[in-house]
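Student: Handing you this structure, nothing more for now.
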Amino acid sequence: MMENPADNKDKVFKGQLADENFILFFRKHWLYMIPAILIFILMCSIVAGAITAIVFYDLYKISSSLHYFVTTFSLIIFLAYTHWFFIKILDHFLTICILTDRRLLALSKSVYIKDLKEIADIGTIQEVKEDQEGLIKNFLKYGDIVITFASSSAIMILRDVPNVEFHFRALMRAREELIEKQRPKEIAVEANPVE
Amino acid sequence: MLTWLTIIVLNIISIGFAIVTILRIHYGCMKRNHLPESKYTLLFRFISIKKVSTIYLFAIIFVAAVSFTLTYLTYV
């Protein structure tokens with residue numbers, strides 16, 4: 001997706017530079033959400049079973065202070081867990097990685113607690129490693145991308161990237177295009193040095 | 001009476017919290033972004049953030065309805 005570089009400021013995402021073109025974005029692979037979803041389904045099944053037992057065996061007719069405390073405590077726990085689960089799912093949508101023709105932005109955000117931004121200039125990338133080790137990772141085509149920078153010893157790890165090979169190639173292509181864009185200027189300066 | 005009061009207060013707080021969360025997501029976090037969604041960005045390749053928000057709200061309302069029904073069966 002190439003836009004007019006003159007007026008791209010905040011066009012696709014908040015923080016986009018005026019001369020920056022958006023290429024793609026991605027979220028983490030859905031597989032890392034599976035344990036939380038399975039536990040939520042199990043919890044709902046237990047609660048549904050308990051409610052069915054209460055109605056079927058007429059347990060709701062037992063009116064005592066213990067009954068009141070058990071009902072209230074169970075409701076508080078289940079409501080808290082339901083909110084926690086849905087906020088976790090919503091957090092999945094806020095944690096994104098954006099690739100533009102100049103930068104790589106890893107935004108890790110949650111609804112209430114977290115707001116982390118990691119921005120890397122793709123021109124300074126020295127080495128990119130694709131890590132897709134394991135049967136499930138190869139079968140579902142997801143993995144990690146490890147980025148090493150030329151300017152420092154710092155590394156950037158993008159975890160659980162879906163279709164890791166496609167995103168690896170997109171990153172490498174963006175890097176090559178940026179280097180190609182910068183190269184003619186250097187050659188022109190070398191050919192016509194200012195006297 | 002105390003049970004009814006507890007159930008009503010808990011569910012009002014719960015539904016209010018869900019509404020605040022959804023409004024915060026849509027008007028605080030997502031409104032400024034116009035990122036094109038694809039199969040690599042949706043949960044299970046088809047669940048969008050709007051669907052999750054809708055399911056969240058309906059789930060909380062459903063829990064409230066069930067808790068009111070059980071309280072009604074017990075005390076009325």
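Student: Mind giving me the FRET efficiency for A:TYR32 and A:ASP7? R0 is 35 Å, r the Cβ-Cβ distance, nearest 0.05 is fine.
Tutor: Using R0 = 35 Å, I get an efficiency of 0.40.
Student: Where the accessible area of chain A is counted over protein heavy atoms with a 1.4 Å probe, how much of it, in %, is carbon and sulfur?
Tutor: On chain A, the fraction of accessible area on carbon and sulfur atoms equals 64 percent.
Student: Go through B:52-58, B:29-35, A:64-70 and give me the packing order, highest mean Cβ count within 10 Å leading.
Tutor: Taking the mean over residues of other Cβ atoms within 10 Å, the ranking is B:52-58, B:29-35, A:64-70.
Student: Heavy-atom accessible area of A:PHE166 with all protein chains present, probe 1.4 Å, nearest 10 Å²?
Tutor: Result for A:PHE166: roughly 80 Å² accessible.
Student: Tell me which DSSP H helices of chain A clear both cut-offs, 15 Å or more of axial length from alpha-carbon atoms and a mean Kyte-Doolittle hydropathy of at least 1.0.
Tutor: Taking the DSSP H segments of chain A (at least 15 Å long, mean hydropathy at least 1.0), we get A:34-56, A:65-94.
Student: Can you tally the net charge around A:ILE87? Count Lys and Arg as +1, Asp and Glu as -1, for every other residue whose Cβ sits under 14 Å from the Cβ of A:ILE87.
Tutor: Once positives and negatives cancel, what remains is +3.
Student: Mind pulling up the Rg/Rh value for the protein assembly as shown? Radius of gyration and Kirkwood radius, both on Cα.
Tutor: So for the protein assembly as shown, dividing Rg by the Kirkwood Rh gives 1.14.
Student: Can you tell me which of A:ASP131, A:ASP115, A:ASP144 moves the most in a GNM of chain A? Springs connect C-alpha atoms under 10 Å apart.
Tutor: Of A:ASP131, A:ASP115, A:ASP144, the Gaussian network model singles out A:ASP115 as fluctuating most.
Student: Calculate, in nm to one decimal, what A:LEU17 and A:ILE62 gain on full extension: separation in residues at 0.36 nm each, minus their alpha carbon distance.
Tutor: Gain in length upon complete extension: 9.7 nm.
Student: Report the local net charge at A:ASP131: Lys and Arg +1, Asp and Glu -1, summed over other residues whose C-beta lies under 14 Å from its C-beta.
Tutor: Net charge around A:ASP131: -2.
Student: Follow-up. Give A:LYS9/B:LYS51; B:LYS31/B:LYS51; A:LYS14/A:LYS141 a once-over and call out the pairs whose C-alpha atoms are over 18 Å from each other.
Tutor: A:LYS9/B:LYS51; A:LYS14/A:LYS141
Student: So what does A:TRP84 come to for accessible area, using a 1.4 Å probe and Å² rounded to 10?
Tutor: 130
Student: With springs only between Cα atoms under 10 Å, which of A:TYR32, A:TYR57, A:TYR81 fluctuates most in a Gaussian network model of chain A?
Tutor: With Cα springs under 10 Å in chain A, the top fluctuation among A:TYR32, A:TYR57, A:TYR81 is at A:TYR57.
Student: Once the piece of chain linking A:ARG173 and A:PHE139 is laid out straight, how much longer is it, given 0.36 nm per residue of separation minus the C-alpha distance between them?
Tutor: Extra length available between A:ARG173 and A:PHE139 comes to 9.8 nm.
Student: With labels modelled as points extended 7 Å from the Cα through the Cβ direction, what inter-label distance (nm, one decimal) is found for A:GLU180 paired with A:SER45?
Tutor: Roughly 5.3 nm, to one decimal.
Student: Return the average number of partner chain Cβ atoms within 10 angstrom of each residue Cβ along peptide A:168-176.
Tutor: Neighbouring Cβ atoms belonging to other protein chains average 0 per residue here.
The values are calculated or read from the model by the stated rules, or taken from the named source; none is laboratory data. Predicted, not measured: the structure shown is a model, and the values here were computed from it. Here Cβ is always computed from backbone atoms with ideal geometry, including for glycine, and neighbour counts include all displayed protein chains. To get the accessible areas, we keep the full protein, side chains included, count just its heavy atoms, and leave off ligands, DNA and RNA. Shrake-Rupley method; radii C 1.70, N 1.55, O 1.52, S 1.80 Å.
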